Amino acid sequence: MANSLPIGKLKLLYLMDCADIPVSDQEILQSCVDWFSYFELQTALAEMFEQKLLICQSSQAGVRRYSVAALGKQTLVHFAKEIARSVRSRLEEESVHLRKRARDASTFVADYQRREEGEYVAHLQILEQGHALLDITINLPTIQQADRACQYWPENANRVFQALLEEPVSISEEPAGT
């Protein structure tokens, strides 16, 4: 099995092992767009998961995060030398960017679930060193709105947080009795 592992998958495994953090398929794609198309990457990830080279965790919102399994690490011990040293060096450099993208994504956490009443609850967080800096729960009437809230949370979280901080400050700066 591992003997016949194509070099593209081996490079992907090496990259993910160097990143040493669970990463989404979208984060991975940004790192290996030069040697995998979107569909090739999805196929490779699925095959590597089936071969038990990768572990996959899914959130309720459907975001899958992959990390290297024990068998994947063993495979790299035996076959990493099949990747040219210069390529390994580039992959190690790229893993720093991949790790940063994954950490940035995990800083802004968004998920939703369906309530019994038929509406949806979106749970949006900003985490700093694993602790919630901001934790918002919003009831939304449709799955589309819940999905959209979660999808756009990472790009809007800082602006929302800033606005929440500015409002109490501006109120407290007003003179008493106004």
Pick from the stretch 139-171, criterion open to solvent by less than 60 Å² (accessible area, probe 1.4 Å) and either more than 20 Å from ALA102 (Cα to Cα) or more than 18 Å from the chain's Cα centre (by Cα) (or both), ranking: modelled with the lowest pLDDT: SER170
Top-ranked residue in the stretch 129-138 [being under 21 Å from the mean Cα position of the chain (by Cα) and not charged (D, E, K, R); ranked as nearest to ARG114 (Cα to Cα)]: THR137
Hey, could you check the stretch 77-126 for residues that are of a type in the set (Lys, Arg) and touching a strand residue (DSSP E or B) at 6+ places or on another chain (Cβ under 7 Å) and say which is most open to solvent (accessible area, probe 1.4 Å)? ARG114
Does any residue in the stretch 90-102 that is under 13 Å from PRO22 (Cβ atoms) come within less than 8 Å, Cβ to Cβ, of a residue that is open to solvent by 80 Å² or more (accessible area, probe 1.4 Å) and part of a helix (DSSP H, G or I) six or more places away or on a different chain, and which pairs are these? LEU98/GLN30; ARG101/GLN30
Which residues, counting only those in the stretch 26-54, are touching a residue at least 12 places away in the same chain (Cβ under 8 Å) and either part of a loop (DSSP other than H, G, I, E, B) or under 12 Å from ARG101 (Cβ atoms) (or both)? GLU27, ILE28, LEU29, GLN30, SER31, TRP35, PHE36, GLN51, LYS52, LEU53
Assuming LYS9 fulfils every condition listed in (1) modelled with pLDDT of 90 or more; (2) touching a helix residue (DSSP H, G or I) at 6+ places or on another chain (Cβ under 6 Å); (3) not in a helix (DSSP H, G or I) apart from one, which condition is it? (3)
Give the residues of the stretch 36-76 that are under 19 Å from SER95 (Cα atoms), of a type in the set (Phe, Trp, Tyr) and either touching a Lys or Arg at 6+ places or on another chain (Cβ under 7 Å) or exposed (fewer than 13 other Cβ atoms within 10 Å of the Cβ) (or both), sorted by residue number. TYR38
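The values are calculated or read from the model by the stated rules, or taken from the named source; none is laboratory data. Please read all numbers here as calculations on a predicted model, not as lab measurements. Positions of Cβ are backbone-derived with ideal geometry, glycine not excepted, and every protein chain shown enters the neighbour counts. For the accessible areas, the whole protein counts, side chains as well, though only heavy atoms, and no ligand, DNA or RNA atoms are used. Shrake-Rupley method; radii C 1.70, N 1.55, O 1.52, S 1.80 Å.
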